[in-house]
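Following this message is one structure expressed as structure tokens.
What follows is calculated from the coordinates using simple rules that are stated; it is not laboratory data. Note that the coordinates shown come from a computational prediction; the quantities given were computed from them, not determined experimentally. Ideal geometry is used to build each Cβ from the backbone, glycine not excepted, and the neighbour counts take in all protein chains shown.
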Amino acid sequence: DDEEKIESILSKNSYILSTAPPENSKDPVIKSYGYLFKKNSERIKWAGYLSTTSVYGDKKGGWVTEDTVLEPNLERSISRVAAEKSWLRFGEKFSIKTMIFRLAGIYGPGRSLIDRLLANERVYIVNKPAHLFNRIHVDDIVGAIEMAISSKSEATIFNLSDDLPATQLDVAQFAASLLKKKCPQTVSLESDLVSEMARSFYKEEKKVSNTRLKDELGYKLVFPSFKEGLFSIHKNSKEF
């Protein structure tokens, strides 16, 4: 069963990275397997948890750092804060180095506007031309976490975000230009074509600082902005 599998994994590994989203306002990994972590705590050298920048809440377009007060408004973001606290308590209780990674909007091969446009999906861009937000390429997520595992940094929380907050329209126009396609149609936030998840996303705006990631961890982004990221995805796509 799952418990036997987890125990077998823990008996051979010293590092834990949890990517599971909260369930019913609790972290499902800690809830289900916390006792196994306790049992193997002397073997575990490092633990990491992938969270989200939505924990900061709405900052009216202002900048946030890892020290910014958390003011989550959405239920899923409130649950993320609770999950972060669970992992940090776990690390403190068993003297295990534990890090929280707050991820901006994730994109990468198979998960980008390039892929959607190449697949001829019907793509609609919400008409919010001044709404800026950050992204992070999946390769930079992996690279930053690999560096964090071996880092001597005492920091416990890192924002994983790029250097260039941009609008969704900026991204769509750039992707379309690479593919020599028309830019996707813009629609109002109130349109039936916009999902409830997307609507809730546009209720908040913030720009996410990655200074700690670069200065304290020493990580150099492979894709500093969506432009380098989308260019790479396009270059490696079947269309190129």
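What is the sum of charges around residue 59, taking Lys and Arg as +1, Asp and Glu as -1, for the other residues whose C-beta is under 11 Å from the C-beta of residue 59?
That sum, taken over residues with Cβ under 11 Å, equals -1.
Another question, then. Excluding residues on the same chain fewer than 8 positions from residue 12, give the aspartates and glutamates whose Cα lies under 14 Å from its Cα.
List returned: 4, 42.
Taking 2.2 N^0.38 Å as the expected size of a compact globular protein, what ratio does the Cα radius of gyration of region 1-53 give against it, to two decimals? Working shown, then result.
Numbers: Rg = 11.4 Å, N = 53, 2.2 N^0.38 = 9.9 Å.
Region 1-53 yields a ratio of 1.14.
Among 27, 139, 192, which one moves the most in a GNM of the chain with springs linking Cα atoms closer than 10 Å?
Ranking 27, 139, 192 by mean-square fluctuation puts 192 first.
Additional query: Top mean-square fluctuation among 182, 59, 214, Gaussian network model of the chain, C-alpha springs under 10 Å?
Highest fluctuation of the listed residues: 182.
Right, another one. Can you tally the net charge around residue 13? Count Lys and Arg as +1, Asp and Glu as -1, for every other residue whose Cβ sits under 13 Å from the Cβ of residue 13.
On the way: positive: 5, 12, 43, 45; negative: 7.
Within the 13 Å Cβ shell, the charges total +3.
Now, a different point. Counting each DSSP H run of 4 or more residues in the chain as -39500 (n - 2.57), what helix-only mean residue ellipticity at 222 nm follows after dividing by all residues, to the nearest 500 deg cm²/dmol?
-11500 deg cm²/dmol
Moving to a separate point now. Using just the C-alpha positions of the chain as equal point scatterers, what log10 of I(q)/I(0) does the Debye formula give at each q in 0.07, 0.12, 0.15, 0.16 1/Å?
Taken in order of the listed q values, log10 I(q)/I(0) reads -0.26, -0.75, -1.09, -1.19.
Among 46, 63, which comes first, then next, by fewest other beta-carbon atoms within 10 Å?
Taking fewest neighbouring Cβ atoms as first place, the list is 63, 46.
For the chain, give the share of DSSP beta bridges that are antiparallel, in percent and rounded to the nearest 5; count only bridges with both residues there.
Of the beta bridges lying entirely in the chain, close to 10 percent run antiparallel.
Before anything else, pin down the relative contact order of region 2-235: Cα pairs under 8 Å, at least 6 apart, normalised by residue count, whole percent. All intermediate terms of the calculation are to be shown ahead of the outcome.
Values: 377 pairs, mean separation 54.3, N = 234.
Once divided by the residue count of region 2-235, the mean separation gives 23 percent.
Order by neighbour count: 163, 115, 67, fewest other Cβ atoms within 10 Å first, most last.
Final ranking by Cβ density, sparse to dense: 67, 163, 115.
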